[in-house]
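> My questions will all concern the structure given below.
Here, each number is a calculation from the coordinates, and none is a lab measurement. None of the values given here were measured: they were computed from a predicted structure. Cβ: placed from backbone, ideal geometry, glycine included. Neighbour counts: every protein chain shown.
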Amino acid sequence: MSYLRGLSFTKGADVNGENSNNTGSGMSMGMMSAARRGSYSDLEDEDEVIDEKDISTEMKNDQKPEKVGLSFNNKNESLNTSWLNSPNQSHHLQTYGIGAKLLMKMGYQEGKGLGLNEEGIVKPIETAVRPKGLGVGGVRGERKRSDSKDEDIDMLSSDDESDIRNVPKRIDLFSVIEALEMRDVKVPKKYITLSDKYTSSPHSDPLYNEVKETFTLLNNLNEELEQVDGQEKFLTYQLKDLDFKMKKEEEEHNIASAVLKIVEDSSDAVRNVNREDYQIQAITRTVSRLIEPMTKSYSQIRPIFVSVIATVIPRLFEAYPSIEGGAPTPLVDALTEWSLLYREIETSSTGNLNYFDSLLLTQIASIFQVIITSDSTLDNKNGQLLNHIHDWTYAPILIDPQLCIRKLIEDIIIPFLKDTLSEWSPHSFNDSAPTYIIDYMASLPEEDYPFQEVIDIVIKKYSNFIDYEVNDSFWYQSEPFDTEAEEGILRQIIRLNSVWIPLIQQGKLTSGEPSKVLQASLLRFFTSYNYFNPPKIGTILGVVFRIVESLLNENEPQALILLQFGWGNNWIRELSRILDQTPIEAANWYSKWYSFITGQREKYHSKLIEIFDWYFNLALAIIAGKLARDNIPLPKIEGNMWPTASEVSRFLESNENLLNTEEVGSIVNVHGIPSYQLMSSFKDVVAEYCLEKGMLLAVERNHFHSALGHPLFTIRSGTGSKLWCYIHDDVLWVTRLTQGVEDVEYEPISLDSIKEYIIR
């Protein structure tokens, strides 16, 4: 229901026609309004503004005011929206009224001090009005203001405190009048005068009712004006938005028409020429026109660009299937130029294939499929595929070459590799090892490997090949091993240690731990080997020694510890058992083992030979009875000379980093010498020479040279002859005497003269 029907407002009369009867002590509401707009409204003109149903008459007759029609700034609006908020009013204006407004007009800012330099008081001085006739001593209360509604309550005497609840709430007529004037609405003077009167006597009951009705009337008017303003702004925004969209659609339509004309001209030009170079030139001119400023902004320009060049792309790839390192060909020249033009309309990568790359990728994939299905050898196929990948990666053609190569590898290369690996086995020594996978991996960044599934296949096959617990492993191949089989096994294990295991250790792959499988298998073999039967050339033991040798390059201390605790200590234990049970067989057993090792010395690393020599010399001393079998100085792991295979594995695993440092000697040692650093001496050379000639060098207990203090040795022949000697500065000194050998003269001889001296 409208409360303002029949009411209209006009601008006030000129200030010279003002005949104000307001005699209030402060500036009246009319004066304040006039001060703001520079004019006053005329009381006498008021009757001409109000409709024949005079609002004042309706108020006097206590009739509820009705909403009236409103005319302002030559606008007639239907006020039916309510989505804008009412204006925020200054706290000072609501609380202190005209005084605060006058101060603000003179430059005062709320929250700052008074005066030119803002050095005055900030908070206004509060006043309290005493009821008429009440003395100073009768004041019990104080003036209160509500923060939410800004109402004033007069100070009450003790007799009137019980009536505080009957004091009516203050009506903020001033604020609503001010809000209307801020909208350029000329409020009739009678309402301004009423507001001034109410400010002077806020608790007059007759005046209060009139103010309340007026406030309702004007406030409703103000709210409808707010709705009108909001609706106007909303409609204005919609009109601007529609206008913008229409212009954009019209612009897009014009561009589309221009693009269509260019494409039609291109089709005619290509159809009218037969030569390949002329067709390429015609297409180049067309796509150059498409990326001109007027057309390049068209939303569909990229697929249209690609559709134009697609008319000749298949024929060019068929004629020139390889870009051959970017060498000039019609295909390379055309694609390079078109790629540069396409970059003008698509310069950033979004992680998805763009239209240009997608077109070329289809042709490249077709070439890859032709290579894979050909009758060429596997090496030849891999070579061609890798060359294509390299060429397309570095040629200035593909917009996002890395993404394209990844798609080719995922969609074509990975399935191809799986097929080839299904037929490959480490037992097939003549087949190409799958190291070519590493070359494919190098074509992509390290953090972008899609090869994990392929690598899992390779590592699984290698693990089965080296696992002592798998019946199909190389451990159970038929003996004897010929040179080809031995070299083939060794070659596969070297590839595993030098190629695949480092990739796993570097964190690039996560395909199990084949190094631990090989380590455990070696220990399992050594601990289960029958050392009583000396090996022969071509048996598995010779292959195992070469495998240990191959591990020296990866981790020398670890490899030598495997040899010592896998073979050496167990071999000495078997010798002790033979000496206990059949001592007469010890020399023959020793000789056969020595012949097996020396027969393959040229195959072994010098580090392995030093370990072998150390154990053979130790065995000679044990056979000659120079060392008690219950006190043999063998390497130990935490005090144990005979650790099990699992104990050695745990030790190697827990000391993996330590075994790469000199500190290992404090854990595994023989009389303070690190076990993996056991070295041969000249004595070992003499002992080895004697064995080759059928003699035996042995240490004689408690016999030392009286002058030099060197220990004395004896060299015994198979006939029982004996020659006393000692070694000094890598020279062998001997004597033919057999009595008082500590004090007699010795003479130096060469090794070749030993047999001659014993015979004499």
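> At R0 = 51 Å, how high is the FRET efficiency between I584 and E487 if r is their beta carbon distance? Nearest 0.05 is fine.
Efficiency for this residue pair is about 0.85.
> For E276 and K603, calculate 0.36 nm times their separation in residues minus their Cα-Cα distance, and state this gained length in nm to one decimal.
Separation in residues times 0.36 nm, less the Cα-Cα distance, equals 111.3 nm.
> While we're on this one: Exceeding 29 Å between C-alpha atoms, which entries from my cross-link table qualify? They are K603/K693; K407/K460; K592/K636.
None, as every Cα separation is 29 Å or less.
> Given Cα positions, please report Rg to Rh for region 272-322, the hydrodynamic radius being the Kirkwood one.
Expressed as Rg/Rh, it is 1.04.
> Taking R0 as 41 Å, what's the FRET efficiency between Y394 and R285 from their Cβ-Cβ distance, rounded to 0.05?
Numbers: r = 29 Å, r/R0 = 0.70.
Once rounded, the FRET efficiency stands at 0.90.
> Another question, then. Order 389-401, 701-713 from most to least packed using the mean count of other Cβ atoms within 10 Å.
So the peptides 389-401, 701-713, ranked by packing, come out 389-401, 701-713.
> Can I ask one more? Using a Förster distance of 41 Å, how high is the FRET efficiency between S358 and E249, based on the Cβ-Cβ distance and rounded to 0.05?
On the way: r = 29 Å, r/R0 = 0.71.
The value I calculate is 0.90.
> Okay, moving on. Compute, for region 191-232, the length of the dipole vector about the Cα centre, with Cβ point charges of +1 (Lys, Arg) and -1 (Asp, Glu) only. Units Debye, rounded to 20. It would help to have the intermediate numbers written out before the result.
Values: 2 positive and 9 negative charges, 62 e Å.
Computed charge dipole of region 191-232: roughly 300 debye.
> So, with +1 on the Cβ of K and R and -1 on the Cβ of D and E, and no other charges, what is the size of the charge dipole of region 333-441 about its Cα centre, to the nearest 20 debye?
Working: 5 positive and 15 negative charges, 36 e Å.
Magnitude of the dipole: close to 180 debye.
> How long are the three semi-axes of the equivalent ellipsoid of region 540-588, in whole Å, if each is the root of 5 times an eigenvalue of the C-alpha gyration tensor, listed from largest down?
Semi-axes (√(5λ), whole Å): 28, 11, 6.
> Obtain the nm distance between the two label points defined at E638 and V370 by a simple spin-label model: each point lies 7 Å from its Cα along the Cα-to-C-beta direction.
Taking the two extended label points, one gets 6.6 nm.
> When the chain is fully extended, how far beyond the present Cα-Cα distance does V744 get from D333, taking 0.36 nm per residue of separation?
Net length gain for the segment: 138.4 nm.
> Given axes a ≥ b ≥ c from the Cα gyration tensor, I'd like to know whether region 675-760 is rounded (a/c under 1.5), prolate (a/b larger than b/c) or oblate.
Cα axes put region 675-760 in the oblate bin.
> Okay, next question. Using a 10 Å cut-off on Cβ atoms, rank the peptides 560-571, 283-294, 516-527 from the highest mean neighbour count down.
Top of the packing list down: 560-571, 516-527, 283-294.
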